[in-house]
Structure formats: structure tokens, C-alpha cells
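Visitor: The structure that follows is given in the form of C-alpha cells.
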Amino acid sequence: MNFILKNIPERTSKPRESGLTMVMDKGLSIREVENFLEVAGPYTDIVKLGWATSYVTPNLQDKLQVYRDAGIPTYFGGTLFEAFLVRNQFDDYCRILDKYRMEYAEVSDGSITIPHEEKCKYIHKLKEQVTVISEVGSKDSSKILAPYKWIALMKAEIEAGSWKVIAEARESGNVGIYRDSGEVRQGLVDEILTQISQESIIWEAPKKAQQVWFIKLIGTNINLGNIAPADVIPAETLRLGLRGDTFDHFLERIELAQIKE
């Protein structure tokens, strides 16, 4: 940090299991990646190449190498996995992971329907090759899962071998754990957290109001996903109580701690 401020919330250190910031790369150029990493690299834990953008991204190998040289792991969006799967090309997908030296892979079923037992089998297979991140929730806003269903799916996928489970929201932040308006489905989140460890979940939160809500609910070291490259520094200030939206929240916690002492 550039100067000293007392009573700043303590962040976990990289590589970390909680407090992750997952960034959504929707098609950055190599030069844009370099510029992004110069500023936000220290606060970025992992980068998703959104949905199937990797299929059309020029100079993909070179771009991935820039991230690799910076020590930032990457993975292809779950939609690419689904695109291979629906075409009966799962083995080809595995070869693609090897070709591009991917250490992570996302298993999702947001765009296609996969029997959940079968989805878990793919997670189990892929965990022998890479670290698996799986995603729960549909990209179709008309498909509303009951809280007990979210919990059952997340538990099964963790047991199958997922390192983290993503709570679906899309890059728009208006499906899955959110209402059409972008408002958090608070009851759903509360119920999930009664059964699933917060360290096991990455909450997709592309909008500032969503990031603020989760930071206030769980704390500085919540796992946040689908953060835009330009929003990584702003999100970090939210985590540290250095932006108006969380400023008073963390001061109140400091005051309470001092009173108890």
C-alpha cells in the first residue's frame, strides 16, 4: 500500500481460499491485458475468459501466456464446456485444455440441460486433469430454483470434486441469485449459507450494489466473481472500507471492537 491507515480490514494473502476476486475477461487484447495487470494484478486471483469468447479471441496462446507470466490463473467460461458437450465433443474439450495448458476448468449447465448426476460425473472426470470450478443456476431468468435445490446441487458438486461452486448471475447480474432488477434474492442466499461454507462459493456480483451487499453480509474476504477489469480496484476499496458504500460499515465494526476491549 502507498501509505499507512490504521484499522483497515485484514485481507487474506494470495494464493487464497477466501477473499477471491474472479475477473471476467470478455475479449481484452494482449495490450489491454498487460495494462490491466499493471494496475489490478495484485488484486486479481483468477480470470475467466467469458462464456465462449476464447473460441474467437485472436492470439489466444499469447494472451494466456501474459496472464501466466503474471501468475494469474485463467479458465474458459462454462459455456465453452457446454458447447463442446452438446456436440458430443467432451474428449476434444479435454484435449483443448491440455493444448492451452489450462489448470482450471468450469463445468456448468446454464445453457443446456444435463442430468445432474451426469454433470457430477464430468466434474469427477475433469478433476483428474484440472482444478474444477462448477456453476449452479440457469442463465434463463424463467427457471427459478428453490433454495433447497441450490443447496443440494452445490453439495453434490463439491462432493464430486469442485474446488469452488459459482452462484450464477451472468455478466449482467440479473438472473440466478438476483431478481430481474439486479436485487439480491436475500432469502435464497441466507438459506444457502446455512448449509454451504462461504469459502466454497464464488458469488457472481458484477454490479457495485451487489458487491456492497455481499461484503456487508459476509465480510472483507468474501469470494466475488464476474468483476469487470476496470472494477477490480474499486472492488478492493469496497473490501477495505475505503469507499463511501462500505465506509461506515467498517468504522462501526472498529468502534464495536474498541468498546468490547
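Since every read-out is calculated from the coordinates, none of them should be taken as a lab result. Note that the structure is predicted; figures quoted are calculated from it, not measured. Cβ placement follows ideal geometry from the backbone for every residue including glycine, while neighbour counts extend to all protein chains displayed.
Visitor: What is the distance, in nm, between label points placed 7 Å from the Cα along the Cα-to-Cβ direction at S13 and at S181?
Guide: 4.4
Visitor: Please give the charge dipole size of the chain, origin at the Cα centre, charges +1 on K and R Cβ atoms and -1 on D and E Cβ atoms. Round to the nearest 20 debye. Show your work: numbers first, answer last.
Guide: On the way: 32 positive and 38 negative charges, 12 e Å.
Magnitude of the dipole: close to 60 debye.
Visitor: Something else now. Please compute the net charge surrounding L85, taking Lys and Arg as +1 and Asp and Glu as -1 over other residues with Cβ under 11 Å from its Cβ. Could the numbers behind the result be given before it?
Guide: On the way: positive: R87, K119; negative: E82, D91, D92, D109, E118.
Neighbour charge sum, excluding L85 itself: -3.
Visitor: What percent of all Cα-Cα pairs in the chain falls in each 5 Å bin, counting up from 0?
Guide: 1, 6, 13, 17, 19, 17, 12, 8, 4, 2, 1, 0, 0
Visitor: Taking the chain as the reference, fit the longest principal axis to its C-alpha atoms, fit the long axis of helix 244-260 to the helix C-alpha atoms, and give the angle between the two in degrees, 0 to 90, nearest 10.
Guide: Taking Cα atoms only, the helix is inclined about 60 degrees.
Visitor: Can you give me the three principal axis dimensions of region 175-240 from its C-alpha atoms, in Å, biggest first?
Guide: For region 175-240, the Cα extents along the three principal axes come out at 32, 26, 16 Å.
Visitor: What is the local net charge at S197, summed over the other residues whose Cβ is closer than 11 Å to its Cβ (Lys, Arg +1; Asp, Glu -1)?
Guide: Every neighbour counted, the sum reads 0.
Visitor: Work from the charge dipole of region 154-234 (Cβ charges, +1 for Lys and Arg, -1 for Asp and Glu, about the Cα centre) and give the residue of M154, I218, L193 farthest towards its positive end.
Guide: With unit charges placed on the Cβ atoms, the residue in question is I218.
Visitor: For C120, C94, what ranking results if the residue with the fewest other Cβ atoms within 10 Å of its Cβ goes first?
Guide: Ascending Cβ contact count within 10 Å gives the list C94, C120.
Visitor: Relative to the longest principal axis of the C-alpha atoms of the chain, give the angle of the C-alpha long axis of helix 208-218, reported between 0 and 90° and rounded to the nearest 10°.
Guide: 70
Visitor: Nearest 0.05, what FRET efficiency do L242 and D69 give at R0 = 41 Å with Cβ-Cβ as r?
Guide: The formula returns an efficiency of 0.90 here.
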